[in-house]
Amino acid sequence: MDYLKSALPSQIMSERGSNLVVINPGSANIRIGLASQDNPFNIPHCIAHYTNQVPKKNVQDQMLNSQVTTAQHMEREKAYDVIASLLKIPLLDEEPSGNSFPRKMGRVDGYNPHSIKKDSPFTWTNVYEEVSSSSALSALETSSKDETREPLDPKEGTDLKEIGVSNRKFRQFICGEEALRISPTEPYCVCRPIRRGHLNISQHYPMQQVREDLRAIWDWILIEKLHIPRNERNMYSAILVMPETFDNREIKEILTLVLQELGFGSAVVHQEGLAAVFGNGLSTACVVNIGAQVTSLICIEDGAALTSTAKTLTFGGEDISRSLLWTQRHHQTWPQIRTDMLTKPIDLLMLNQLKESYCEIREGQVDAVAAVYSYEDKAPPGSHRTRLTALNVPPMGLFYPMLFVPDVYPPPPRTWFKDYDDMLEDTWHIDFSRRSDMSDTFYPNVNGGLPMWESYPVFSTKPKKEENLGLAEAITNCILSTGRIDIQRKLFCSIQLTGGVALTNGLVPAVEERVLHAIPPNEAIDTVEVIQSRANPTFVSWKGGAILGVLDLGRDAWINREDWIQNGVHVGSNRKYKDSYYLQAQAMCYMNS
């Protein structure tokens, strides 16, 4: 302890963090790195598998609903008009009659001084790997017998005789952003093992495949990015900074992945909200994590998570990007190109880039001239200089979520619930309400969800706290659910925004204003304040996890590899995993003792 008082924080992090790997899986990206690093790698959480059969879909993601019903379209237009009225911009039906005129010719000011403009195009991923001449010759000789060797792309006009010349073959799998930049014409299928804050399990994406994809992605990152070979992993410990959306069964699967399949010597689980508070040097806050696909809220008091306040909203940054595309098409400012976020993930990358560069929240008409790119087959990207308009409307969908067309999810397979060692129903006794990609199973017919499996009627009694809630109402309900005026006043003045969307210009004053107006008049609260983040909001939870791991001297909450593989018992508390929900706050014991 004397050493901790005398040593510099950077020295402590460097010495004790060199063998600690901090893993923070988000709804669309994974942040991973050594605790001694300043910032983690931020990598899209996806993998593309080579297939020698023509896939029905080049993106294996059955979770997104591409069909917008008439009712949803009308609700979206109504939400737009409400937002437009607040921002003092023209409503949809108030557009000038000459709206079909090519507005992209106008010169306007792209206002957003806090954002770096990113107009550079993405390039198609090279799906081939170079092989040696001897390997190519061997492949040629055994081509008739080897069923595992991949054929060359027939569209390239190549045959077996050209192998020795080209010296290339298809890569078996491709991870991260490269997977999203693969041309739809290539024989690959893109999979996302995590969707909307949960394991992306469906009838089309079984649990075993989800686990295998997670292992492949994380193993690739550990080897290619962190340079940690498999035979040295037992000397490393993993700090899992898990989103509040994950339930016990999912955390159990992740722990098994880390300790058994990836081979880490030990691991510990921390809640993402709790880590975010430590990342900013706070002890009490209402943490609002606005990620790519999900927004989670939880209150932290004196370094302990108040689990009964946790809420999950099924929208995030990618929904803002989808709304941006819809807004431009409605105003006829989008070029006449085929932009499809579902079948061409590279278009999602482009829209995310435009959102980060140009979208903000402020009154008045917000226009900008930007380069929009078209990506067709494997041709070079086409550039279209375009005037984008109403750029302040999409991020306001956080407060008016009907602007975002909700996704429709099929239920997970029945076998998902059959875990007799640690049954999921234990978690339902905890007041931990959520809406997610699995929530349409647990909450039947919410927001257009599919009916739940008929054999699980008990889940129909689950409360629906987040139905149709915007961000301001969710924050207000989250804080008021603590039930104590003293902590409520403290939390309303300690709202912490995390996640990539927290970087949106103008979001902080918008949250403060709308939360203040959402507080009921009978509540004796008249001040709302968002705390300025000391670190990049995208990485603050990861950084907090690194701090918790380095400072945890007693390691009472850590789980050893051998103990987990043998019986899943946590030696420090002699608890089965079903009780490990409370392990997430145990690391705070040394701070309060």
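The values are calculated or read from the model by the stated rules, or taken from the named source; none is laboratory data. Remember, it's a predicted structure, so these values are computed and weren't measured experimentally. Neighbour counts run over all protein chains shown; Cβ positions are idealised from the backbone, glycine included. Just the protein is used for accessible areas: all its heavy atoms, side chains included, with ligands, DNA and RNA removed. Shrake-Rupley method; radii C 1.70, N 1.55, O 1.52, S 1.80 Å.
Structure notes:
- Nonpolar atom fraction for segment 168-227, defined as the carbon and sulfur part of the 1.4 Å probe accessible area, stands at 43 percent.
- Ellipsoid equivalent to segment 297-393 - semi-axes via the Cα gyration tensor, in Å: 33, 18, 11
- At the residue level, W334 shows approximately 20 square angstrom of accessible surface with a 1.4 angstrom probe and all protein chains present.
- Counting 0.36 nm for each residue step from Q260 to R484 and taking away their Cα separation leaves a gain of 76.3 nm.
- Computed label-point distance, nm, for sites L516 and Q365 using a 7 Å Cα→Cβ extension: 3.0 nm
- Label positions at E224 and T185, each projected 7 Å from the Cα along the C-beta direction, are separated by 2.4 nm.
- When the convex hull of its Cα atoms is projected in every direction, mean area for segment 224-346 (nm²): 11.4 nm²
- Here r is the Cβ-Cβ distance between C493 and Q566 and R0 is 45 Å; the resulting FRET efficiency, rounded to 0.05, is 0.40.
- Residue-span extension gain [M235 to R329] - 0.36 nm each, minus C-alpha spacing: 28.5 nm
- A Förster distance of 22 Å, applied to the separation of the beta-carbon atoms of R555 and Q208, puts the FRET efficiency at 0.10.
- Spin-label proximity, T51 to segment 189-220 - amide N less than 14 Å from point 7 Å beyond Cα toward beta carbon: 189-192, 204-206
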